[in-house]
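A short write-up of the structure that comes next.
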Amino acid sequence: MIKTHLSKILASAERRLALTGRESDGEKLLLYQKFIKIEEHRIRLRHNAGAGGRENVAMRVDLMDIVLRHIFSNAVKALGLSKTPGDGERLSLVAIGGYGRGELNPFSDVDIMFLHGGSGVAIEKSTSSAIEKVLYMLWDIGFKVGHSTRSIKSAIQQANDDMLSKTSLLESRLLAGSASLFADFQETFIHKCVQGKEDEYILWRLKSQHERHLKMDNTVFVQEPNVKSGVGGLRDYQSLLWLTYFKQGILSTAKLVEEGLLPGRERKHLENAYDFLLRVRSELHYQYKRANDSMTLFTQGQIANAFAYPQRNILRRSEAFMRDYYQHARNIYIITKNVSQRMSLPVVNEDKAPRIFNFLARRKPAREDFDGFYSENGLIHMVSKDVFDKDPQRLMRIFLHAQNRQLALSPQVSQLIRRRLRLIDRTYQYSRAARQTFSTILSKKGQVGRVLRMMHEVDFLGAYIPEFGQLTCLVQHEFYHRYTADEHTLRVIEQLDLLIDTEEKKMSGYRRLFEKLEDPYVLYLAALLHDSGRASNAANHSDASTLFAQKVARRLQLRPEQRRHLIFLVDSHTLLSHTAQRRNLDDSATIAEFAGIVGSRLNLDALMVLTLADGQGTTDGTAWSDWKETL
């Protein structure tokens, strides 16, 4: 389709942009504007008809290439700089950045570099005049152009002084002019900007990505994500390829598959996700009529309509679209992280200090073998690929090993778990061994959240507790909740974990309550299930959550007192906050009613801790204000 479209553009350009040489600049401008308007309309129609994101951006690149080559050729001919068609005298027009990569969304900047054959900054007047003619024409047409004029020497110096410039030049592409000059530049760039500077670039790129993730709340599942810079966004995919180029000399996912760094199935998920996000970004640009990458709640509904989601209600359409978005962004985040681990790239911790897996020389921890697995460099590896087929209970036990030994799953193990989820059938969900291991994991105060998040990333948690699984990527259309339902739940559990070691003075009372709880298993289970009813679209999600909690309690064979405690916490998880914020606390009837519902000090203590964690897990941890604390 893209080749067919290019042929049509070339044929159209030959008809519409044919010049006699006698046209004024104003007449040329009108020809270009009319041509671009017609071709942009064709691209928009293809997008509206369901064309993929890559197809859309590639068609726009083809259009831009043709226009720029015409404008450049006319400029150099008019000033006598070209002795042979299409080959300027040591002047090259180069596409850089996203345009050089072959991607242009509707209102993206057109980034170009004029590469000249001079040895310094100064250039000949005729060359300068040609560059000005090209730029003035582009500006008059209406393009937003990012441009620079450099010699090979100054381009190399700029790349080594500024990592962003180095990244922009990494995927440069010759548009017109001297091919030999551009070839010299590429050879020099590799020799002076890449070779010997790999470690420096990789560490910078990873630190930059970590800081970008922190700004985006370090999660895919924010309510109004940024499709370009967000966690799991377009930039994560692009960063992976930049990293693999400096690490392995690879700049495509196809080559990653050939090198055994990316399984073919994961590559398909990764490419589908990137294509989807590119299409979303194009639609955002069309909606706003300018470059924009943030999806507000309003635009989510607009995009769902534009993409023809079939649900009757606009809210349900928006939820269905966003669920697809989160699934794709989640794939980008997880798969790029796995590839980074396979290449033993540095990992930036929360304290922003680089931790190395094999990347730089350091003493390796001793290998430990256990239960069909072994640990190496902080990761759990499998001894054989049939480790779960031989004993399906290892699917649960591996997470207990990860918890006890403070380990993470290797990419190979993560991939194998996803492929063995079929083993989590009804018999497995009711098995005594699995529930005992699960209970052990959830009984370790302060150590539960990391493991449950690990389970969720490989989709094991939703397979074992389907009542939670239905929350995966579920959008919550309310201002109060910043995250999807599954992300909110995991953050609530992580807030519980933080209580065990908190040194905050105002949290000391909650820490004491948490420390004296004898059965944290039920509290963590209540946190896991407290919002499970949101997937049912019930009028009161607490009622639906309580029904799900009853099912889970039966399946996990909770003792009667545990079951009653669980049901109370799930059913009443909003009771304390609603009473404190909406009722008259000076009225003795309010207090008597509240006490009658709570029934025991155990319930009250657990409810206090759960209410705190729920409040802190709704946004970025700041939702628990001094006012709420006072109430």
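The values are calculated or read from the model by the stated rules, or taken from the named source; none is laboratory data. What you see is a predicted model; the values in this text were computed from it and never measured. Cβ coordinates were reconstructed from backbone atoms using ideal geometry, including for glycine residues, and neighbour counts include every protein chain displayed. All accessible areas refer to the heavy atoms of the entire protein, side chains included, with ligands and DNA or RNA removed. Shrake-Rupley method; radii C 1.70, N 1.55, O 1.52, S 1.80 Å.
Descriptive notes on the structure:
- The set of residues from region 243-268 being within 28 Å of residue 487 (Cβ to Cβ), in contact (Cβ under 8 Å) with a residue 12 or more places away in the chain, in a helix (DSSP H, G or I) and open to solvent by 10 Å² or more (accessible area, probe 1.4 Å) comprises 266, 267.
- The condition (being of a type in the set (Lys, Arg) and under 28 Å from the mean Cα position of the chain (by Cα)) is satisfied by just one residue among 453, 511: 453.
- Long-range neighbours under 8 Å by Cβ, at least six apart or interchain, first residue free of Cβ contacts under 8 Å to residues at least 12 places away in the same chain within region 580-606, second of a type in the set (Ser, Thr, Tyr) and surrounded by 12 or more Cβ atoms within 10 Å (Cβ to Cβ): 583/590; 584/590; 590/579
- Inter-residue pairs, beta-carbon under 7 Å, first farther than 20 Å from residue 494 by Cα and in region 210-238, second of a type in the set (S, T, N, Q), 6+ apart: 212/229; 224/294; 224/296; 226/294; 233/226; 235/229; 236/336; 237/336
- In region 232-241, the count of residues that are of a type in the set (Gly, Ala, Ser), surrounded by fewer than 23 Cβ atoms within 10 Å (Cβ to Cβ) and assigned to a helix (DSSP H, G or I) is one or more.
- Residue 224, sole failed condition from (1) farther than 30 Å from residue 194 by Cα; (2) in contact with a helix residue (DSSP H, G or I) (Cβ under 6 Å, 6 or more places away or on another chain): (2)
- Filter result for residue 229 (touching an Asp or Glu at 6+ places or on another chain (Cβ under 7 Å) and open to solvent by 20 Å² or more (accessible area, probe 1.4 Å)): yes
- Those residues of region 152-179 which are part of a helix (DSSP H, G or I) and either closer than 16 Å to residue 131 by Cβ or of a type in the set (Val, Ile, Thr) (or both), in sequence order: 152, 154, 155, 156, 167
- Output for region 293-338, where each listed residue is closer than 16 Å to residue 219 by Cβ and surrounded by fewer than 19 Cβ atoms within 10 Å (Cβ to Cβ): 294, 323, 327, 337
- With respect to being among the aliphatic types (A, V, I, L, M), in a helix (DSSP H, G or I) and under 19 Å from residue 74 (Cβ atoms), residue 130 fits the description.
- Matching entry among 112, 141 (being out of contact with any Ser or Thr (no Cβ under 7 Å at 6 or more places or on another chain), surrounded by 22 or more Cβ atoms within 10 Å (Cβ to Cβ) and under 13 Å from residue 64 (Cβ atoms)): 112
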